[in-house]
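Worksheet: one structure, shown below.
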Amino acid sequence: MKYLPRITDKILNDRLNAFGAVLIEGPKWCGKTTTASQQAKSIIRLQDPDMRDGYLATAQARPSNLLKGATPRLIDEWQDAPVLWDAVRVAVDNRQKNGQFILTGSNAVDKEKIHHSGTGRIARITMQPMSLYESQESTGEVSLRKLFDDKQYELGGEFSKMTVNDIIFAACRGGWPASLIPQDRIAQLSVAQVYIEGVLNEDISRIDNVKREPLLAEAILRSYSRNVSTLAKKSSMIKDVVAIMESCSQNTFDDYVTALTKLFIIQDIDAWSPAVRSATSLRKGKKRGFIDPSIPIAILGLSPEYLEIDLKTFGFLFECMCMRDLRVYSQALGGKLSYYHDRYDLEADAVLHLYDGRYALLEFKLGSDEIEKGANHLLEIKKLVNEYNEKEKQVRLREPDLLMVITAGSMAYTRPDGVHVVPLACLKD
């Protein structure tokens, strides 16, 4: 299979030009090593079974020996020998050159295993599974960057090539590069299932060498999956787990969720809490999320055929899919996602904040009959910001720079009120 360009490619190139080393972290199978290999001049794979024991012994005795080679030198799955982090940092200081090393890792490493954060020497990139644009399914006719940069940009005439059923299949398949290799649909759908089996039976315990029960991990993921894209409370999810496993303490639940977060499986979304309403009216719990929609779909045993007749359930999974793609597209803009929801049920499914202070209010709607409701939510929040600024003259809130409803529909357009309606399969960075 030929290499499909990733949005991370340019980000990695820019970071190598600015820093001595770059860490690419993210879930297994998302393409970290393949992407890093496009720019690396030499590679050491710590999980190579023929060399692993020798590499680990060298890392303990003289880690600098593993850093010799043409640069950028790729150290794949560096977390298997955490001492290499500090070795890389020292080498960067000694060489005084940028673009020396690329590190890849599939799980976060506890801070106590390294002596220095690497700040100023090692830049970090979190890589996601493939967006629809990267898998060459989105037409890419609508640029997120251009929507932010050009206030006069009006949409009209951009069309998606994907039907709702195509979107459903893509969500079930997931953004895993390996799922694009087989031509058979059943084989493509099996990739996410095999991925989850590996997480439950091996990775959940190997991440920190703490024995965890696969059945309990599955029960916790099942509860998370049933509550994806909602503000479900931890207490209610623990009750779900107890109904299956008979017992699960809060500490145990937290331990498993922490492990799954370190593995980049779970990705909860924090609340945006502007001062437009009383603090007591804002809901501040986390919105439950995953790195890729195929994970909850696989955990719940759902099929494309089932979701085609249960669009209500798919609506929550579509939001997860949109979040994945937005994380990818906004990386170069320094994007960070949150959500807004208050007790009056006024909401924005997502708020996309850029590094320079600009932000977008977003709603995710499957069909055209829901677009009006979503647009009205966004306009009402913008109105609240304006009303707040009229009262508060000292510390004003920035007005939203972009209002957008992302759909599974076929056509992009800009409404007279300025809200952009964009099919997910038209969007790119």
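The values are calculated or read from the model by the stated rules, or taken from the named source; none is laboratory data. It should be emphasised that the depicted structure is a prediction, and the values quoted were computed from it without experimental measurement. Please note: Cβ atoms are built from the backbone with ideal geometry, for glycine as well, and neighbour counts cover all protein chains shown. These accessible areas exclude ligands, DNA and RNA; they are computed on the full protein's heavy atoms, side chains included. Shrake-Rupley method; radii C 1.70, N 1.55, O 1.52, S 1.80 Å.
Tabulated values for the structure
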quantity: Cβ-Cβ under 7 Å pairs, at least 6 apart or on other chains, the range 154-169 side closer than 20 Å to Leu311 by Cβ, far side acidic (Asp, Glu) and surrounded by fewer than 18 Cβ atoms within 10 Å (Cβ to Cβ); calculated: Asn165/Glu308; Ile168/Glu308
quantity: Flag if Ser190 is open to solvent by 20 Å² or more (accessible area, probe 1.4 Å), hydroxyl-bearing (Ser, Thr, Tyr) and out of contact with any Lys or Arg (no Cβ under 7 Å at 6 or more places or on another chain); calculated: yes
quantity: Strands (runs of 3 or more DSSP E) wholly inside the range 332-429 that include at least 2 residues being in contact (Cβ under 8 Å) with a residue 40 or more places away in the chain and closer than 17 Å to Asp150 by Cβ; calculated: 359-365, 402-407, 411-414, 420-423
quantity: Any chance Leu263 is touching a His at 6+ places or on another chain (Cβ under 9 Å) and either among the aliphatic types (A, V, I, L, M) or open to solvent by less than 10 Å² (accessible area, probe 1.4 Å) (or both); calculated: no
quantity: Any chance Glu134 is under 22 Å from Arg327 (Cβ atoms), of a type outside the set (Ser, Thr, Tyr) and either open to solvent by 50 Å² or more (accessible area, probe 1.4 Å) or part of a loop (DSSP other than H, G, I, E, B) (or both); calculated: yes
quantity: Restricting the range 34-80 to residues that are of a type in the set (A, V, I, L, M) and surrounded by fewer than 16 Cβ atoms within 10 Å (Cβ to Cβ), the residue that is farthest from Ala91 (Cα to Cα); calculated: Met51
quantity: Residue among Tyr344, Tyr355, Tyr340, Tyr329 that alone is surrounded by 21 or more Cβ atoms within 10 Å (Cβ to Cβ) and over 23 Å from Gly175 (Cβ atoms); calculated: Tyr340
quantity: Qualifying position, being out of contact with any Pro (no Cβ under 9 Å at 6 or more places or on another chain), within 16 Å of Arg222 (Cα to Cα) and among the acidic types (Asp, Glu), among Asp254, Asp310; calculated: Asp254
quantity: Qualifying positions in the range 283-306 - farther than 12 Å from Gln193 by Cα and open to solvent by 50 Å² or more (accessible area, probe 1.4 Å); calculated: Arg283, Lys284, Lys286, Glu305, Tyr306
quantity: Matching residues, the range 141-168, being within 26 Å of the chain's Cα centre (by Cα), more than 29 Å from His353 (Cβ to Cβ) and open to solvent by less than 60 Å² (accessible area, probe 1.4 Å); calculated: Val164, Ile168
quantity: Answer residue from the range 225-241, given it is of a type in the set (Val, Ile, Thr) and either assigned to a loop (DSSP other than H, G, I, E, B) or touching a residue at least 60 places away in the same chain (Cβ under 8 Å) (or both) and is farthest from Cys322 (Cα to Cα) among those; calculated: Thr230
quantity: The listed residue being β-branched (Val, Ile, Thr), over 30 Å from Gly418 (Cβ atoms) and either open to solvent by less than 30 Å² (accessible area, probe 1.4 Å) or not in a helix (DSSP H, G or I) (or both), out of Ile244, Ile220; calculated: Ile220
quantity: Qualifying residue in the range 20-33 (condition: more than 30 Å from Arg324 (Cβ to Cβ), more than 25 Å from the chain's Cα centre (by Cα) and open to solvent by less than 40 Å² (accessible area, probe 1.4 Å)); calculated: yes
